[in-house]
Amino acid sequence: MIRTKNHYRPSRPVIDALQDAGHGLCDACLVMAVGKTKNDAITPARRLCKEGTAVSHGGTCNGCGKSRIITQLVKSKPQKAPITPAAPTELSLNINQLDELRRELIIHLNKLDPANPRDGFAKRVGQLRNTGQLSPTIAALMLTHGAYRNEMYYTPFKPCSPEIGILNQITSYLRTYLEEAKQKVSDTGMTNHAH
Ligand SMILES: [Zn+2]
């Protein structure tokens with residue numbers, strides 16, 4: 001005699017059959033769909049109902065079309081994307097980094113405008129922007145950089161990640177600008193030497 005009591009009947013074939021069946025199958029159709037013994041279909045189906053993976057209720061069987069008690073897979077609810085807090089961005093910026101670029105900017109301003117080295121940074125940038133020696137974009141970046149530098153220098157102000165992100169971009173933009181300006185000066189220098 002075959003002992004079937006402890007025989008585990010896998011759920012997978014039943015789940016597959018129920019998935020194919022859409023809105024549910026009566027027991028007879030489920031057995032046919034699974035294609036194995038009655039117990040191989042019904043035992044796992046009852047287990048799925050206990051687990052909450054499937055439900056049993058009155059309805060129209062998807063197989064025979066009759067009104068029967070049918071077993072149907074519980075529609076898996078669309079899983080909400082887990083709300084993961086934005087990865088903490090490890091951005092840091094200290095006043096020394098801002099000061100370092102500021103010194104380079106001042107050296108550059110001195111070259112553009114040797115006449116007024118004692119005027120404030122913002123005032124000089126504004127004047128050079130008005131005379132067209134600095135583009136409005138570069139002036140805006142310099143003024144923003146300078147304003148944040150001053151806040152950090154004179155107050156306990158600490159920029160947060162979005163501000164640091166922007167300041168890092170400004171720094172990169174301004175460094176490129178300074179490099180290109182130096183390049184232009186050295187090109188001009190070479191041209192002048194050639195003449
Ligand atoms: Zn049926």
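The values are calculated or read from the model by the stated rules, or taken from the named source; none is laboratory data. No experiment lies behind these values; they were computed from the predicted model shown. Note that we place each Cβ from the backbone using ideal geometry, even for glycine, and neighbour counts take in every protein chain shown.
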Checking residue 141 against (1) exposed (fewer than 11 other Cβ atoms within 10 Å of the Cβ); (2) in a helix (DSSP H, G or I), which single condition isn't satisfied? (1)
Let me spell it out: the conditions are (1) in a helix (DSSP H, G or I); (2) in contact (Cβ under 8 Å) with a residue 12 or more places away in the chain, and residue 133 meets all of them except one. Which number is the exception? (1)
Which listed residue is at positive phi and modelled with pLDDT under 95, from 120, 65, 58: 65
Listed by first then second residue, the pairs whose first member lies in region 160-177 and is without any contact (Cβ under 8 Å) to a residue 40 or more places away in the chain and surrounded by 13 or more Cβ atoms within 10 Å (Cβ to Cβ), whose partner is of a type in the set (Gly, Ala, Ser) and not in a helix (DSSP H, G or I), with beta carbons under 6 Å and at least 6 positions apart or on separate chains, are none
